[in-house]
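Report on one structure; see the data block that follows.
Coordinate-derived values only; no laboratory data. Keep in mind the model is a prediction, meaning the values are calculated, not measured. Using ideal geometry, Cβ is built from the backbone for each residue, glycine included, and neighbour counts are taken over all protein chains shown.
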Amino acid sequence: MSTLIVNGVRHTLDIDPSTPLLYALRNQLELNGAKFGCGMGQCGACTVMLDGQPVFSCLTPVTACEGRQVRTIEGLGTAEKPGKLQASFIKHQAAQCGYCIAGMVMRAQALLEQNPHPTETQIRTHMEPNLCRCGTHMRIIAAIKEVTQDQGRGAKS
């Protein structure tokens, strides 16, 4: 048995502890935001946050998550009430096919929680591990920058 704390909710799962977190999220918890992309930690479609840090859930075994906080895209907002970063991605039409976007948002969220006012260079460097095959990187950067500017004006997160 493994115990995961996902989006603030404790779950006890009857699962092999070596199972990748991605499979536990998608198959056991039915949280389908994180996507299977490459299975090798090279694309970022599966990115979630573990104790505030972005991780590739396809490479992270469930056992490494015991007693730690896992946050997925579902923990940031809903379709009806998206989080600030999600809303900015929508506004900037940052998703084309949409496959990478949950991972992109989670990596960006981790950055903004660590550094609310990153420079464009810091944004680009931080986002580098996540790939978008559709090429919407400029829109993704614009969406992130807009949120940093809003935070600079004292807007609440």
Report summary line: Per the 1/(1 + (r/R0)^6) rule, R0 = 35 Å and r from the Cβ atoms of ASP16 and GLN53, FRET efficiency to 0.05 is 0.90
Query - Relative contact order %, the chain, counting alpha carbon pairs below 8 Å whose residues are six or more apart - result: 23 percent
**Report entry** Net charge dipole size for the chain [Lys, Arg +1 and Asp, Glu -1 on Cβ; Debye, nearest 20]
**Finding:** 460 debye
Query raised in the report: Where the centre of each part is set by its Cα atoms, how far does the range 1-63 sit from the range 69-126, in angstrom?
Result: 18 Å
**Report entry** Alpha carbon convex hull of the range 1-80, volume per residue in cubic angstrom
**Finding:** 83 Å³
Report summary line: Ranking GLN93, VAL105, GLN122 by how far each Cα lies towards the positive end of the charge dipole of the range 33-157 (+1 on Lys and Arg Cβ, -1 on Asp and Glu Cβ), the top one is GLN93
**Report entry** Spatially proximal aspartates and glutamates relative to LYS91 (Cα-Cα < 15 Å; intrachain offsets below 8 disregarded)
**Finding:** GLU80, GLU146, ASP150
Query raised in the report: Per the helix-only calculation at 222 nm, which mean residue ellipticity applies to the chain, given -39500 (n - 2.57) for every DSSP H run of n ≥ 4 and division by its residues, nearest 500 deg cm²/dmol?
Result: -9000 deg cm²/dmol
Report task. Pull out a ≥ b ≥ c, the square roots of the eigenvalues of the alpha-carbon gyration tensor of the range 71-111, then state rounded if a/c is under 1.5, prolate if not and a/b is larger than b/c, and oblate in the remaining case. Result -> rounded
**Report entry** Potential lengthening between ARG124 and MET138 on full extension [0.36 nm per residue; Cα-Cα distance subtracted]
**Finding:** 4.1 nm
Query raised in the report: Near LYS35, which aspartates and glutamates are there with a Cα under 16 Å away, not counting those fewer than 8 places off in the same chain?
Result: GLU74
Query raised in the report: Taking θ as phi - 60°, what are the ³J(HN,Hα) couplings along the range 135-147 by the Karplus curve (6.51, -1.76, 1.60), each to the nearest whole Hz, with x for Gly and Pro?
Result: x, 8, 3, 5, 5, 4, 4, 4, 5, 5, 4, 4, 5
